[in-house]
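The values are calculated or read from the model by the stated rules, or taken from the named source; none is laboratory data. The shown structure was predicted, so the numbers you read here are calculated from the model rather than taken from an experiment. Heads up, the Cβs are rebuilt from the backbone with ideal geometry, glycines too, and the neighbour counts pull from every protein chain shown. Ligands, DNA and RNA are excluded from the accessible area calculation, which covers all protein heavy atoms including side chains. Shrake-Rupley method; radii C 1.70, N 1.55, O 1.52, S 1.80 Å.
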Amino acid sequence: MKRYHLIKRSYMGFSSYVSYVLDHFEGDFIIEEDLGELSEDTVKKIEEALGGLEITLANAPLIPLDDIDEGDRQLLLKALQTLESNEVLRIRR
């Protein structure tokens, strides 16, 4: 069985007047946090429902939570509770 990871991806940007004046780019970066593993069956159901492996607050209601394994469902619900509008959940192998 293949292993799939649920990754929370967020962007952290910095901007200040000093950087603008000096024409200097500050240290913007992307944070990726591995939240846990999902089963192959769950990943297939999510991909069928969403047409891809990227979960946002906008498309999350399309996920068939009743058809997903209890452990995977709990992981998804926990991740969605802390997800902000500018963050994305991605599923990777």
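Residues checked against (1) touching a strand residue (DSSP E or B) at 6+ places or on another chain (Cβ under 8 Å); (2) among the aliphatic types (A, V, I, L, M); (3) in contact (Cβ under 8 Å) with a residue 24 or more places away in the chain; (4) closer than 15 Å to TYR4 by Cβ:
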residue	(1), (2), (3), (4)
LYS45	no, no, no, yes
ILE68	no, yes, yes, yes
ASP72	yes, no, yes, yes
LEU83	yes, yes, yes, no
GLU87	yes, no, yes, no
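How many residues are loosely packed, with under 13 Cβ neighbours inside 10 Å and touching a Leu at 6+ places or on another chain (Cβ under 7 Å) when one looks only at the range 37-46?
Number satisfying all stated conditions: 0.
Only one of (1) open to solvent by 40 Å² or more (accessible area, probe 1.4 Å); (2) more than 14 Å from ILE7 (Cα to Cα); (3) within 15 Å of the chain's Cα centre (by Cα) fails for LEU50. Which number is that?
In the conditions (1) open to solvent by 40 Å² or more (accessible area, probe 1.4 Å); (2) more than 14 Å from ILE7 (Cα to Cα); (3) within 15 Å of the chain's Cα centre (by Cα), LEU50 misses (1) alone.
I'd like to check something: does the range 14-28 contain any residue that is surrounded by 10 or more Cβ atoms within 10 Å (Cβ to Cβ), modelled with pLDDT under 95 and among the acidic types (Asp, Glu)?
Yes, the range 14-28 contains a residue that is surrounded by 10 or more Cβ atoms within 10 Å (Cβ to Cβ), modelled with pLDDT under 95 and among the acidic types (Asp, Glu).
Scan the range 66-91 residue by residue and report those that are surrounded by 14 or more Cβ atoms within 10 Å (Cβ to Cβ) and not acidic (Asp, Glu).
ILE68, ARG73, LEU75, LEU76, ALA79, LEU80, LEU83, VAL88, LEU89, ARG90, ILE91
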